[in-house]
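Heads up, the thing below is written out as structure tokens.
The values are calculated or read from the model by the stated rules, or taken from the named source; none is laboratory data. Since the structure is predicted, the reported quantities are computational estimates derived from the model, not experimental observations. Counting neighbours? That spans all protein chains shown, and the Cβs are built from the backbone with ideal geometry, glycine included.
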Amino acid sequence: MVSYVLLGPFYGFEDSDQIEEKPSDLKVMSYNAWGFNKNGWIKKPGIGDSIVEFITTQNPDIVCVQEHNRIRHRQLTQYAYRSETPYSEPRTIQAIFSKYPIVNNGSLNLPGTINNIIYADIALNNDTVRVYNVHLQSFSIVPSADNFSDGEKSERTYHRLVDTFSKQLEQAKIFEEHLRKSPYVNILCGDFNNTQFSNVYKIVKGNLQDSFLESGSGFGRTYDLWKLPLRIDYILADPDFEVISHQNFDVKLSDHYPVMATLRLKPSHE
């Protein structure tokens, strides 16, 4: 109990009473794929193909990719349906891949940024589920001791951080308003570029369930900063879903680690 109070949402405790998965359950993955390493940030050949192989092996029903590479959809052949950031938008590319039909899609067109939120309405058996793919404002810098050792550089870094947090809050409120008008049950996947202790997270989460808090274990690391196990990538689900399981993957193919959740619509909703 003491450990739970101290660690709270920073650490997930494994539930000994795990629920058995059913074929009808929905497996959802969120992954910031860093462009499938198209710019060669990871100095190792075949990273993009390894990401495709990882997704194919895990075989989720729905995949939300942040920082997508459009040419890779040709390799994800198990997904008959996809929605991507429109070509006309000068933004980082996001994609939603689905084994189920996408009947509608859209973009929130976040102002003054290359980041964005897209969504897809997916026909799931006798229901429709709205899936959001969220990529909130990036810091555009990697905070390090060097950024704070020099007075002038430290001030510039501080102002950039303040500007980033301000934009994230604005984006979170835009999302909150859009979600409020959604006519369907909702699933949210994405890279918030902020932790579960932030106001940004609280606004976006609202009354949604955090799959890690419901069924995850350990620190839930999705990003490394100064060797700290930060959790900035999430899968959130409407209360009409039961969170059956949550997985964090220790797969170093991007600057982020992928997450996957298994969800089940509750009988009261079906």
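If you filter region 82-102 down to residues that are among the aromatic types (Phe, Trp, Tyr) and under 18 Å from Leu188 (Cα atoms), you find that the one that is surrounded by the fewest Cβ atoms within 10 Å (Cβ to Cβ) is Tyr100.
The helices (runs of 4 or more DSSP H) found entirely in region 140-238 that carry 1 or more residues being loosely packed, with under 13 Cβ neighbours inside 10 Å and at pLDDT below 95 are 145-149, 151-180.
Conditions (1) modelled with pLDDT under 95; (2) touching a strand residue (DSSP E or B) at 6+ places or on another chain (Cβ under 8 Å); (3) over 15 Å from Leu76 (Cα atoms), marked per residue:
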{"residue": "Val2", "(1), (2), (3)": "yes, no, yes"}
{"residue": "Phe10", "(1), (2), (3)": "yes, no, yes"}
{"residue": "Glu21", "(1), (2), (3)": "yes, yes, yes"}
{"residue": "Met29", "(1), (2), (3)": "no, yes, no"}
{"residue": "Asn32", "(1), (2), (3)": "no, yes, yes"}
{"residue": "Ile42", "(1), (2), (3)": "yes, no, yes"}
{"residue": "Asp49", "(1), (2), (3)": "no, no, no"}
{"residue": "Phe54", "(1), (2), (3)": "no, no, no"}
{"residue": "Ile62", "(1), (2), (3)": "no, yes, no"}
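Answer with yes or no whether Ile51 is within 22 Å of Leu124 (Cα to Cα), surrounded by 15 or more Cβ atoms within 10 Å (Cβ to Cβ) and within 19 Å of the chain's Cα centre (by Cα). In short, no.
Within region 212-231, residues that are in contact (Cβ under 8 Å) with a residue 24 or more places away in the chain reach partners that are buried (at least 17 other Cβ atoms within 10 Å of the Cβ) and of a type in the set (Asp, Glu) with beta carbons closer than 6 Å, at six or more positions or on different chains, in the pairs Thr222/Asp233.
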